[in-house]
Amino acid sequence: MLLGLLEAKDGSIWFGAGGVYRYNGKTIADFKNNCTLRVVLD
């Protein structure tokens, strides 16, 4: 289940689906390990 989708200023696509993932146009990085996620909104 897709929970959220966001395009960052650098063009990468972030999405949530049982974890947090980033797609940079070539690969998908998995950020669902124990880490702190900080969101800054302009």
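Within region 8-19, no residue that is β-branched (Val, Ile, Thr) sits with its Cβ atom under 7 Å from a residue that is surrounded by fewer than 14 Cβ atoms within 10 Å (Cβ to Cβ) and part of a loop (DSSP other than H, G, I, E, B) at 6+ positions apart or across chains.
Within region 1-26, the residues that satisfy the criterion of being of a type in the set (Gly, Ala, Ser) and modelled with pLDDT of 85 or more are 4, 8, 11, 12, 16, 25.
Among the conditions (1) at pLDDT 85 or above; (2) part of a loop (DSSP other than H, G, I, E, B); (3) small (Gly, Ala, Ser), the only one that residue 29 does not satisfy is (2).
The values are calculated or read from the model by the stated rules, or taken from the named source; none is laboratory data. Because the structure is predicted, anything quoted here is derived from the model rather than measured. Heads up, the Cβs are rebuilt from the backbone with ideal geometry, glycines too, and the neighbour counts pull from every protein chain shown.
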